[in-house]
1. Would you please name the residue that is nearest to Q272 (Cα to Cα), looking only at residues in the stretch 356-367 that are aliphatic (A, V, I, L, M) and buried (at least 24 other Cβ atoms within 10 Å of the Cβ)?
2. Being touching a residue at least 60 places away in the same chain (Cβ under 8 Å), over 24 Å from G198 (Cβ atoms) and assigned to a helix (DSSP H, G or I) is the filter here, so list the residues in the stretch 89-139 that pass it.
3. Among the candidates D262, D183, which residue alone is acidic (D, E), touching a strand residue (DSSP E or B) at 6+ places or on another chain (Cβ under 7 Å) and closer than 23 Å to P158 by Cα?
4. Can you name every residue in the stretch 483-509 that is over 28 Å from the mean Cα position of the chain (by Cα) and in a helix (DSSP H, G or I)?
5. So A162 ticks every box in (1) without any contact (Cβ under 8 Å) to a residue 24 or more places away in the chain; (2) within 21 Å of Q89 (Cβ to Cβ) but one. Which box is left unticked?
6. Hey, does the stretch 81-88 have a residue that's within 30 Å of M460 (Cα to Cα), part of a helix (DSSP H, G or I) and modelled with pLDDT of 95 or more?
7. Within the set of pairs 6 or more residues apart or between chains, which connect a residue that is within 20 Å of H407 (Cα to Cα) inside the stretch 363-389 to a residue that is surrounded by fewer than 24 Cβ atoms within 10 Å (Cβ to Cβ) and of a type in the set (K, R) with Cβ atoms less than 8 Å apart?
8. Go through the stretch 290-393 and tell me which helices (runs of 4 or more DSSP H), entirely inside it, have 3 or more residues that are modelled with pLDDT under 95, farther than 28 Å from L6 by Cβ and not charged (D, E, K, R).
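The values are calculated or read from the model by the stated rules, or taken from the named source; none is laboratory data. All values reported here derive from a predicted model rather than from experimental measurement. With ideal geometry, Cβ positions are generated from the backbone for all residues, glycine too; neighbour counts draw on all protein chains shown.
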Amino acid sequence: MTRPGLVLEVDDRTPPLLVHEGNGFRLEEFPRGTRVLYPPESLPAVPDVEAAITRALLEPIDSEPLPQLLFPGMRLTIAFDDISLALPQMAAPDIRQRIIEQVLTMAARAGVNDVELVAANALHRRMTAQELRTMLGERVFRSFYPQGKLTNHDAEDPAGMAHIGMTDHGEHVEINRRAAESDLLVYVNVNLVAMDGGHKSVPIGLTSYKSLKHHHNSHTMMRSRSFMDHKASAMHHSAWRMGRVLKDHLKIFQIETTLNNDCFPSTYAFLQKREWEWSIRDQASMLAARRGLSVAPASLKHRIFQGIRAPYGLTGVAAGEVEAVHDATLARVHRQQLVEVDGQSDVMVLGVPFIGPYNVNSTMNPILAACMGLGYYFNSYRGKPVVRQGGAVILYHPVEPAFNQLHHPSYVDFYDEVLSVSTDPAVIEAKFEEQYATDPWYVHLYRTSHAYHGVHPFYMWYWISHALDHCGDIVWVGGDRRAVERMGFRSASTLQDALAMVQGSVGASPSITYLHNPPHLIADVR
């Protein structure tokens with residue numbers, strides 16, 4: 001079910017529209033006739049979160065109630081989505097904490113003593129102790145972390161991985177050994193967008209490079225027609241095949257949650273509203289924020305935005321069999337995020353905000369900015385892309401060539417060495433991927449520090465494969481010119497300049513759609 005009334009056509013009465021651009025935002029005058037897609041308003045939150053969790057655990061979908069799956073002497077593993085979700089980070093208490101506390105209470109009542117918790121970070125960076133404490137709460141952290149029972153998944157530990165089998169497509173299914181050898185694996189998810197959850201949880205979050213390379217590659221990403229529709233995504237097809245192999249070897253009790261669109265606190269309430277709905281107070285807050293950010297040093301702006309904690313409301317929680325649970329989850333996600341769109345446009349405009357899955361408490365480098373804009377936002381559709389084949393995408397972001405050396409060491413070399421040779425995902429994959437994926441130093445940093453795996457920047461570049469193949473032109477407004485050119489794109493100072501630059505692809509009077517997010521939306525393009 002789509003939610004109507006969220007599409008605006010710019011006319012002479014339309015005020016300037018807010019556009020996110022990294023650690024800041026601007027007000028932009030869009031050409032008359034521009035179509036603006038706004039996220040739906042937030043759905044009401046569940047009034048009693050604890051009761052909703054209890055009900056899901058006791059009345060699961062296509063599964064016995066959780067207490068019936070627990071028994072003395074069993075081995076129980078609880079895995080959970082890592083820090084890449086939710087975006088921005090959730091105000092305390094995190095929903096994962098609230099769910100895990102109830103699971104642990106039920107396990108204790110059943111006499112279960114062998115319990116371990118694992119962050120399902122795949123090839124993402126390891127979470128710090130403080131990040132784990134913040135996400136799971138003091139009680140869970142103190143009960144498990146000092147004893148080594150709360151850990152990050154280590155995809156490079158040979159003894160810590162278990163090979164389960166092969167799919168009928170010859171794909172290796174390999175997951176965390178502790179999870180694989182458990183009597184029960186409970187997975188706790190945050191389904192911020194339709195791409196998450198289902199068999200994208202265990203087979204991806206707890207796996208290794210050996211398995212990931214079957215679907216995180218340029219060919220598969222190119223054939224994934226919207227990552228927000230698992231039935232049209234080749235990446236998800238592979239994950240679903242792996243999940244069904246796992247299903248024959250491991251009992252998984254999946255718990256999935258959905259959130260509403262309340263992703264900014266009251267200080268930034270104007271970011272949740274459409275511009276013509278701003279009150280005098282909203283306008284004053286917006287002007288004060290813009291003025292303050294215009295003079296603030298980059299480090300302060302970074303701290304301000306990374307410090308945002310979202311007051312999300314829980315819209316639902318479901319537990320039980322993976323695929324049945326995910327069907328219920330997607331229905332809730334679609335109720336919150338789907339916007340009906342009539343046809344494609346020649347040009348799509350979007351702002352890339354300060355946060356993405358891979359720069360939480362870190363830096364949005366050029367490769368991550370490209371992935372956020374051309375990987376996630378471009379693919380935020382169901383049916384057809386918002387922009388037509390051969391059309392143009394215009395993005396707002398400073399695209400500063402700044403890298404967090406702790407979190408993204410292989411990104412620096414990818415930017416300097418790989419992109420200087422080629423920007424073609426297939427060429428990059430064939431020429432460089434194995435070298436970076438197996439580099440001992442990158443593996444060491446992934447395992448012992450807080451670095452993303454050496455292959456991670458390659459995956460981010462593969463995410464944009466569909467956009468590169470689909471679009472005739474890609475221009476960044478306000479981006480560092482050298483960084484933009486290094487990635488094979490063009491830069492402009494203003495929207496008007498960008499529109500003039502893409503005339504060769506779209507003509508002098510193109511149809512334009514502005515994707516006005518965050519909060520997140522899925523364009524249901526007919």
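1. As a first pass, look at the stretch 356-367 and keep what is aliphatic (A, V, I, L, M): 360, 364, 367.
Those still in the list that are buried (at least 24 other Cβ atoms within 10 Å of the Cβ) too: 364, 367.
Details: M364: 22, I367: 27 Å.
Looking at residues that are aliphatic (A, V, I, L, M) and buried (at least 24 other Cβ atoms within 10 Å of the Cβ), I get M364.
2. Of everything in the stretch 89-139, just one residue is touching a residue at least 60 places away in the same chain (Cβ under 8 Å), over 24 Å from G198 (Cβ atoms) and assigned to a helix (DSSP H, G or I), namely E131.
3. Numbers: D262 fails: closer than 23 Å to P158 by Cα.
After applying the criteria, what remains is D183.
4. Passing the criteria: Q496, D497, L499, A500, M501, Q503, G504, S505, V506.
5. For A162, the failing item is (2).
6. Of the residues in the stretch 81-88, the ones within 30 Å of M460 (Cα to Cα) are 81-88.
Now narrow it down to the ones that are part of a helix (DSSP H, G or I): none.
No, that holds for no residue.
7. So the pair list comes out as P366/R486.
8. Working: elements: 298-306, 322-337, 366-370.
Correct list: 298-306.
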